[in-house]
1. Working out 0.36 nm times the residue gap between D56 and L22, then minus their Cα-Cα distance, what length gain in nm do you get to one decimal?
2. Please compute the length gained on full extension between L8 and A111, using 0.36 nm multiplied by the number of residues separating them and subtracting their Cα-Cα distance.
3. How far, in nm, would the chain grow between D93 and C81 when pulled straight, counting 0.36 nm per residue and subtracting the alpha carbon separation?
Amino acid sequence: LSRDEDSLVVVTESGALTRWSLRKGHELLAESSLDIGASALPDSRLDCDRVAFTPDRDCIVVAPRDQCLIFNIDSASLSDCTRRHKDLISVIDVAADRMLSASEDGTVRVAQYRKV
């Protein structure tokens with residue numbers, strides 16, 4: 001749900017990101033051109049543990065496979081992409097100005113979240 005509760009952000013299992021109006025006839029407001037989860041790998045689908053809002057709710061972090069992607073919610077555009085691990089990310093979270101990710105490679109990474 002957006003900060004002003006005016007729109008809903010949806011991330012599908014395949015990684016497509018869409019933003020829908022909750023007030024204007026439920027129209028599609030923005031859609032990502034990326035299908036970030038599409039892959040022949042069995043674990044390429046996104047689980048709810050691999051999606052997190054930034055604290056200001058302006059962006060959403062999605063973690064398919066071994067990278068973290070930050071999308072601007074208003075435009076559904078990719079604003080940042082980082083490869084963080086050598087194996088599948090199992091969980092991500094964003095708090096204050098820090099982004100945490102844990103991976104099946106046995107590592108936990110903490111990085112400063114930067115608004116782009």
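Laboratory data are not the source of any read-out in this text; all were calculated from the coordinates shown. Everything numeric here is computed off the predicted structure, so don't read it as measured data.
1. Details: separation 34, 0.36 × 34 = 12.24 nm, distance 1.95 nm.
Full extension of this stretch gives 10.3 nm more.
2. On the way: separation 103, 0.36 × 103 = 37.08 nm, distance 2.70 nm.
Between L8 and A111, full extension yields an extra 34.4 nm.
3. Values: separation 12, 0.36 × 12 = 4.32 nm, distance 1.54 nm.
That works out to 2.8 nm of additional length.
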